[in-house]
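Data first, discussion second: the structure below is written as structure tokens.
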Amino acid sequence: MFILMSSFFNAQKKFYGSLEEAFKDPLKVKQLSISDDENIVELPESIDQLVNLETLIIAFNPKLKRLPESLGRLQNLRTLKIVDNRSLSKIPNSITDLKNLEELAFDRCRFNELPKDIGKLTNLNDVYFTGNNLTALPASFSNLTNLEDMFLDHNQFEEIPAEIANLKKLKRINLNNNKVKTIPNFIYDLPNLWGLFLENNQIEKIAPELNRLKSLKVLGLENNKISSFNLDLSNLVLLQTIDLTKNPISEEKLEVAQAKLVSGKIYFK
């Protein structure tokens, strides 16, 4: 999911809109957007001159094919968003050297895989990998134990990656629009999870262990293959919404399930 660039503007810091502008006084640059450039094919290795850069957005550049290895030398970078660069097929491995990175987005770039050493980015709080061709996560992903928000929607996952099991700080998981068939038990052991979004998948049933997700507020299951939802959800006292729209489940069964809820509402059409 791409947050509009205007949300990154900070009244205390100038937001630079081009490399040409940034290189005029590289030590002052903390926020840079390289966006909507129909001619740029690659970024220069000299981008590492921007040693104080904290936020870098690279977005909507249709001919951009290559990012420089020198990106990994931007050690003050906190936010990196690479969004909708349709000719870009690979991320340099040096990105995994950005030890202070807190927010990372590879949105709508058609990547088939993530850097294998992504687990080195242990300060990451939020990742947005929407709209790629991902089918799996690298083994090192399990080291990202500070993750709170994870967006893997609109990919090609057939199962929820086991690397998530170790990420106990996760608050929100979005796996909408994949090919997921089951919810593994480790999901029910994520104590801080308040939002679980699995819309437009192929899930057939929800296990009773859902009742263990005591922090759960929102469960999105629209357009799956769920035909029964007779669960004890008495522990889910914070629950606000369960969306079961477009599932093959009868209204009578949903009324029974709704009656068992301590709080919240089940939506069904």
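Can you pull out every residue in the range 53-89 that is under 18 Å from the mean Cα position of the chain (by Cα), under 20 Å from L124 (Cα atoms) and assigned to a loop (DSSP other than H, G, I, E, B)? If you could, list the steps in order and put the result at the bottom.
Of the residues in the range 53-89, the ones under 18 Å from the mean Cα position of the chain (by Cα) are 55-59, 78-85.
If we keep only those that are under 20 Å from L124 (Cα atoms) as well, we get 55-58, 78-83.
Listed by number, the list holds a single entry, R78.
Tell me yes or no: at least one residue of the range 14-21 is within 22 Å of A105 (Cβ to Cβ) and either hydroxyl-bearing (S, T, Y) or in contact with a His (Cβ under 6 Å, 6 or more places away or on another chain) (or both).
Scanning the range 14-21, I find at least one residue that is within 22 Å of A105 (Cβ to Cβ) and either hydroxyl-bearing (S, T, Y) or in contact with a His (Cβ under 6 Å, 6 or more places away or on another chain) (or both), so the answer is yes.
Please go through the range 188-245 and pick out each residue that is more than 23 Å from the chain's Cα centre (by Cα), within 20 Å of N177 (Cα to Cα) and small (G, A, S).
Correct list: S227 only.
Which ranges mark the strands (runs of 3 or more DSSP E) fully within the range 195-269 that have 3 or more residues being touching a helix residue (DSSP H, G or I) at 6+ places or on another chain (Cβ under 9 Å), in the same structural domain as F157 (by TED's automatic domain parsing) and over 18 Å from I173 (Cβ atoms)?
Working: elements: 195-197, 218-220, 241-243, 265-267.
Once the strands (runs of 3 or more DSSP E) in the range 195-269 are filtered for at least 3 residues that are touching a helix residue (DSSP H, G or I) at 6+ places or on another chain (Cβ under 9 Å), in the same structural domain as F157 (by TED's automatic domain parsing) and over 18 Å from I173 (Cβ atoms), nothing remains.
Would you confirm, using the coordinates I've provided, whether S46 is assigned by TED's automatic domain parsing to the domain that holds R110, crowded, with 16+ Cβ neighbours inside 10 Å and modelled with pLDDT of 95 or more? Can you show your working first?
Working: assigned by TED's automatic domain parsing to the domain that holds R110: yes; crowded, with 16+ Cβ neighbours inside 10 Å: no; modelled with pLDDT of 95 or more: yes.
For S46, the condition - assigned by TED's automatic domain parsing to the domain that holds R110, crowded, with 16+ Cβ neighbours inside 10 Å and modelled with pLDDT of 95 or more - is not met.
Only one residue in N85, N76 is more than 21 Å from S140 (Cα to Cα), surrounded by 19 or more Cβ atoms within 10 Å (Cβ to Cβ) and either not hydrophobic (A, V, I, L, M, F, W, C) or not assigned by TED's automatic domain parsing to the domain that holds D48 (or both). Which one? Show your work before the answer.
Values: N76 fails: surrounded by 19 or more Cβ atoms within 10 Å (Cβ to Cβ).
Testing whether each residue is more than 21 Å from S140 (Cα to Cα), surrounded by 19 or more Cβ atoms within 10 Å (Cβ to Cβ) and either not hydrophobic (A, V, I, L, M, F, W, C) or not assigned by TED's automatic domain parsing to the domain that holds D48 (or both) leaves just N85.
Given the criteria of a type in the set (V, I, T) and at pLDDT 95 or above, does I3 qualify?
Working: of a type in the set (V, I, T): yes; at pLDDT 95 or above: no.
Judged against the criteria, I3 is not a match.
On the given criteria, is I57 in contact with a Phe, Trp or Tyr (Cβ under 8 Å, 6 or more places away or on another chain), farther than 22 Å from K28 by Cβ and crowded, with 17+ Cβ neighbours inside 10 Å? Can you show your working first?
On the way: in contact with a Phe, Trp or Tyr (Cβ under 8 Å, 6 or more places away or on another chain): yes; farther than 22 Å from K28 by Cβ: no; crowded, with 17+ Cβ neighbours inside 10 Å: yes.
For I57, the condition - in contact with a Phe, Trp or Tyr (Cβ under 8 Å, 6 or more places away or on another chain), farther than 22 Å from K28 by Cβ and crowded, with 17+ Cβ neighbours inside 10 Å - is not met.
Give all pairs with beta carbons closer than 9 Å in which a residue from the range 240-264 that is without any contact (Cβ under 8 Å) to a residue 24 or more places away in the chain meets a residue that is in a helix (DSSP H, G or I); count only pairs at least 6 apart in sequence or on separate chains.
I249/A257
Which residues, taken from the range 129-147, are in a loop (DSSP other than H, G, I, E, B) and touching a Ser or Thr at 6+ places or on another chain (Cβ under 8 Å)? Let's see the steps before the verdict.
Kept after step one, since they are in a loop (DSSP other than H, G, I, E, B), are these residues of the range 129-147: 129-138, 144-147.
Answer for the range 129-147, where residues must be in a loop (DSSP other than H, G, I, E, B) and touching a Ser or Thr at 6+ places or on another chain (Cβ under 8 Å): L144, T145, N146.
The values are calculated or read from the model by the stated rules, or taken from the named source; none is laboratory data. Values in this document were obtained by computation on a predicted structure and should not be read as measured data. Don't worry about glycine lacking a Cβ; one is built from the backbone with ideal geometry, like all the others, and counts go over all protein chains shown.
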